[in-house]
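Provided herewith is a single structure, encoded as structure tokens, for subsequent inquiry.
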Amino acid sequence: MALIVQKYGGTSVGDTERMKNVARRALAAQAKGHRVVVVVSAMSGETNRLLGLVKQITDRPDEREQDQIVATGEQVSIGLVALAIQAQGGKAQSFLGSQCRIVTDSTFSKARIKSIDADSIFRVLDEGRIAVIAGFQGIDEHGNVTTLGRGGSDTTAVAIAAAIKADACEIYTDVDGVYTTDPNVAPRARKLDRISYEEMLELASLGAKVLQIRSVEFAMKYRVPLWVKSSFSDDPGTLVCPEDQAMEDVVVSGIAYDKNDARLWVRGVPDKPGVAAKIFGALDEKAIVVDIIVQNPPHDGVCDLAFTVARADLTKATDVVGKVAKQLKARAVESDDRIAKISIVGVGMRNHSGVAAKMFRVLASEGINVQMISTSEIRVSCVIDPKYTELAVQALHTAFGLDGPAPVAAKKKSKK
Ligand code: ADP
Ligand code: ASP
Ligand code: MG
């Protein structure tokens, strides 16, 4: 008898028929003798709809109130899924984040989980019920509702799996595993049977939204066996697991893209110690994550700084940087939200040279200009014009030998 956490994403609970399918799957696992916890997202499109309502009121929402609103999507899903399980003759109880004390810090819209009351979940499981828990949300120590960032239900599921020491955490979504790149962009993407935690962490942080980055961090830290599977098939899916020797033989194992970044320039900042510390310190204070940073060589005692942030943080970042720029007497702050980031990832890059050069050659041969570059031991990222995203992904996928066989029939893409 195993203890299993199953997480179902927005498409998998997109309507009541799909919720009945979730109920059937959870009950099937329970019928095999397992104890089952189900974590669910909001119905597909719902979180965006709620954020849209916020935007109709203001561009600079109070983040506490915004979280109060967007967290409601998951409340509907847990109730309906619990009812669907009961309607099929099973026993289920739903929980909001606050009801199983998913305690987070107070960083609204990207809160981090601090603790979970495993006992409250075990009490329900011990009565033979399926626990149906709202993803994406928690509560801070002052009782405020918090949310964990887009895609945060993945993190809820893995954090619960770690807290209750589950035997497996299964992430059910609309693709049947982790692919070499987004299968909805590259028809010749190949499904991976296994991927290392490290590579998955890079892919997730570089835009592969199949798993939220924090969920992979949790899985890696607590060694949670993490599966990505389809809620619409019985394919075994992909196992995210510790790295092994065979994985090192592959130079590039995946390609990610991200169209949700924006770039900021601070022009004409004095070229002296402490300037970068001031700018990035102020951003850090507001919990804004900065990704690629480029500083131009100084000219007449001043230089330009360019960096990328998540597009959702652009307004906040512009406000913060605007204030610091004034103090520093910088010439101007400019922004651009029309950028895309393309990345290649592979643990094998550690032992191979010329990988970045090959990436630049491939992009050049397609006439794609590289605007910014950043590298780590196991990845290379380039900022490019977003209109070339699909072309770049496909060209790199082919050039690095990742293509699978051409699809026989067009892939059925579920409506999101
Ligand atoms: P859910 O709503 O179930 O959480 P998401 O939309 O968040 O689902 O994540 C699944 C999507 O991730 C897929 O539909 C696919 O387009 C995208 N994706 C991006 N990169 C990859 C990848 N390397 N492998 C699989 N899916 C990927
Ligand atoms: N509903 C949230 C979102 O759309 C959380 C999730 O789906 O994981 O981001
Ligand atoms: Mg998701």
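Principal axis lengths of segment 62-124 from Cα atoms, whole Å, largest first?
42, 25, 12
Once a ≥ b ≥ c are taken as the square roots of the eigenvalues of the Cα gyration tensor of segment 1-133, is the result rounded (a/c under 1.5), prolate (a/b larger than b/c) or oblate (a/b not larger than b/c)?
Taking the square roots of the gyration eigenvalues as a ≥ b ≥ c, segment 1-133 is oblate.
If I model a spin label at Glu285 and Leu53 as a point 7 Å from the Cα along the Cα→Cβ vector, what separation in nanometres do I get?
3.4
Taking H placed 1.01 Å from N in the peptide plane, check which residues at least 5 places from Lys7 or on another chain put their amide H under 5 Å from its amide H.
Amide H neighbours of Lys7: Val39, Glu170, Ile171, Tyr172.
Where both residues lie in the chain, what percent of DSSP beta bridges are antiparallel, nearest 5?
Restricted to the chain, the bridges split so that about 60 percent are antiparallel.
Tell me, how many Å apart are the Cα centres for segment 364-386 and for segment 259-302?
The two parts, judged by their Cα centres, are 20 Å apart.
For a footprinting-style exposure proxy, rank Val250, Val269 by other Cβ within 10 Å, fewest first.
Going from least to most buried by this count: Val250, Val269.
Applying 1/(1 + (r/R0)^6) with R0 = 22 Å to the Cβ-Cβ distance of Lys221 and Arg101, what FRET efficiency is obtained, to the nearest 0.05?
Step by step, r from the Cβ atoms, then E = 0.60.
Give the order of Glu199, Glu248, Glu377, Glu390 when sorted by the count of other beta carbons within 10 angstrom, beginning with the fewest.
Least crowded to most crowded, the residues run Glu377, Glu390, Glu248, Glu199.
So, one more: Calculate the length of the line joining the C-alpha centroid of segment 312-336 to that of segment 1-39, in whole Å.
The two parts, judged by their Cα centres, are 46 Å apart.
Which of rounded, prolate, oblate describes segment 268-416, given a ≥ b ≥ c as roots of the alpha-carbon gyration tensor eigenvalues and a/c under 1.5 marking rounded, otherwise prolate only if a/b is larger than b/c?
prolate
While we're here: Based on the alpha-carbon gyration tensor of the chain, what equivalent-ellipsoid semi-axes (square roots of 5 times the eigenvalues) come out, in whole Å, largest first?
Those come to 37, 28, 18 Å.
Give, in nm to one decimal, the length gained when the segment between Lys329 and Arg194 is fully stretched (0.36 nm per residue of separation minus the Cα-Cα distance).
43.5 nm
Using only the alpha-carbon atoms of segment 200-340 as identical scatterers, what base-10 log of I(q)/I(0) does the Debye formula give at q = 0.08, 0.15, 0.18, 0.22 Å⁻¹?
These q points yield log10 I(q)/I(0) values of -0.33, -0.84, -1.01, -1.29.
Let me ask something else. I'd like the orientation of helix 275-285 relative to the chain: the angle between its Cα long axis and the longest Cα principal axis, in ° from 0 to 90, rounded to 10.
So the helix axis and the longest Cα principal axis differ by about 20 degrees.
Report, in degrees rounded to the nearest 10, the 0 to 90 angle that the Cα long axis of helix 213-222 makes with the longest principal axis of the chain.
The angle comes out near 60 degrees.
Between segment 162-234 and segment 57-110, what's the alpha-carbon centroid distance in Å?
Rounded to whole Å, the Cα centres lie 23 Å apart.
Give the aspartates and glutamates reachable from Lys358 as a straight Cα distance under 20 Å; neighbours fewer than 8 places away on the same chain don't count.
By straight Cα distance, Lys358 reaches Glu199, Glu202, Glu248, Asp249, Glu366, Glu377, Asp385, Glu390, Asp403.
Can I ask one more? From the square roots a ≥ b ≥ c of the eigenvalues of the alpha-carbon gyration tensor of segment 108-184, which class results: rounded (a/c under 1.5), prolate (a/b over b/c), or oblate?
oblate
Could you work out how much longer the chain between Asn296 and Gln245 gets when fully extended? Use 0.36 nm per residue separation minus the Cα distance between them, nm to one decimal.
14.4 nm
Same structure, new question: In segment 159-299, what % of DSSP beta bridges are antiparallel (nearest 5)?
Of the beta bridges lying entirely in segment 159-299, close to 35 percent run antiparallel.
Something else: How would Met200, Met349 line up from fewest to most surrounding beta-carbon atoms within 10 angstrom?
Met349, Met200
How big is the dipole moment of the chain about its Cα centre under a simple scheme where the beta carbon of each Lys and Arg is +1, that of each Asp and Glu is -1, and everything else is neutral? Debye, nearest 20, please.
580
I want to check the label-to-label distance for Asp319 and Ser115. Put each point 7 Å from Cα in the C-beta direction and report it in nm to one decimal.
3.3
Another question about this same structure. Using only Cα atoms, find the angle between the long axis of helix 16-31 and the longest principal axis of the chain, and express it within 0 to 90 degrees, rounded to the nearest 10.
Around 60 degrees separate the two axes.
Continuing with the same structure: Work from the charge dipole of the chain (Cβ charges, +1 for Lys and Arg, -1 for Asp and Glu, about the Cα centre) and give the residue of Cys169, Val240, Ala71 farthest towards its positive end.
Checking the options against the dipole of the chain, the answer is Ala71.
Bear in mind these aren't lab numbers, they're just calculated from the coordinates by the rules spelled out. Model, not experiment: these values are computed from the prediction. A quick note on method: Cβ atoms are made from the backbone with ideal geometry, for glycine too, and the neighbour counts reach across all protein chains shown.
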